[in-house]
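Q: Can you keep this structure in mind? I'll have questions shortly.
The values are calculated or read from the model by the stated rules, or taken from the named source; none is laboratory data. All figures in this text were calculated on a predicted structure; none of them were measured in a lab. Neighbour counts run over all protein chains shown; Cβ positions are idealised from the backbone, glycine included. Surface accessibility is based on the protein's heavy atoms, side chains included, excluding ligands, DNA and RNA. Shrake-Rupley method; radii C 1.70, N 1.55, O 1.52, S 1.80 Å.
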Amino acid sequence: MNDTQVIGETASQTQRPQAVDMKLEVVVIPVADVDRARSFYNGLGWRLDADFAAGDDWRVIQFTPPGSGCSVIFGKNVTAAAPGSAQGLYLIVSDIEAVRDELLRRGAKVSEVFHAGEEHTGTDEPYLFGRVRVSGRDPENRTYRTYASFSDPDGNGWLLQQVVERLPGRVDTNGATFTSPADLAAALRRAAVAHGEHEKRTGQHDEGWPDWYAGYMVAEQTGQPLPT
């Protein structure tokens with residue numbers, strides 16, 4: 001066996017195919033009245049992507065929440081699931097009060113902001129995280145811990161969850177993305193507050209604040225240690 005053959009066999013053994021992206025893009029929600037559901041989600045300000053029909057037997061409508069990479073579809077003969085049976089549909093937000101206020105302004109019936117209790121002793125809205133609900137934001141203002149909920153006219157249950165700093169294993173540490181001007185503005189506001197505390201600790205104005213802001217915002221999104 002010559003050296004070239006050995007090198008070739010070793011390379012073939014160590015090479016692995018690149019992983020192919022698999023992006024979750026559509027979630028099906030079951031509804032009884034298609035036009036009523038269309039009016040509801042349109043009223044929330046979600047983007048209408050499609051409304052297709054094939055005769056009287058099939059219709060599909062697709063909406064996308066602001067800044068979301070995943071859409072929802074519903075329609076006629078789209079799913080055999082019972083209308084209203086989709087529960088615990090998470091909408092991740094960076095400013096829960098602002099989103100809640102906007103949904104209320106658009107006519108949605110949104111719960112008060114709450115955080116979850118430790119044990120399940122109640123019957124309120126099962127399958128929406130935090131079945132024991134404590135009024136108000138998480139006392140320590142921790143990421144992932146503050147919620148609000150609402151339902152569509154069929155009873156499909158949506159949950160707003162505030163996330164501002166992601167768990168390290170949840171993100172691609174090679175970069176950060178902001179999906180909308182509102183998302184970027186919220187990140188800037190959080191960085192401004194943190195930078196104000198930074199200047200208090202140092203006792204002086206930080207001329208390099210743009211770099212500090214940028215480092216803070218990227219670290220927050222990618223699960224890295226935050227600057228102090």
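Q: For GLU97 and ASP35, compute 0.36 nm times the residue count separating them, minus their Cα-Cα distance, and round to one decimal in nm.
A: My answer for the length gained is 19.4 nm.
Q: What length, rounded to one decimal in nm, is gained on full extension from VAL26 through to ASP57, with 0.36 nm per residue of separation minus their alpha-carbon distance?
A: So the chain would gain 9.0 nm between VAL26 and ASP57.
Q: Now for a separate question. What is the packing order of peptides 202-213, 76-87, 60-71, taking the mean over residues of other C-beta atoms within 10 Å and listing the highest first?
A: Those peptides, ordered most packed to least, come out 60-71, 76-87, 202-213.
Q: Can you list residues from other chains, or at least 5 along the same chain, whose modelled amide H is less than 5 Å from the amide H of SER71?
A: VAL26, VAL27
Q: At a 1.4 Å probe radius, carbon and sulfur cover how many percent of the accessible area of segment 27-116?
A: The computed percentage sits at 50.
Q: Taking amide H atoms as placed 1.01 Å from N in the peptide plane, list the residues 5 or more away in sequence, or in a different chain, whose amide H sits under 5 Å from that of VAL93.
A: Long-range HN contacts for VAL93: GLN161, GLN162, VAL163.
Q: Right, something else. To make sure I understand the rule: partners must be lysines, Cα under 19 Å from the Cα of LYS109, and not fewer than 8 residues away in the same chain. Which ones qualify?
A: Cross-link targets: none qualify.
Q: Then there's this: Taking R0 as 25 Å, what FRET efficiency do you get between ARG105 and ARG201 from their Cβ-Cβ distance, rounded to the nearest 0.05?
A: 0.05
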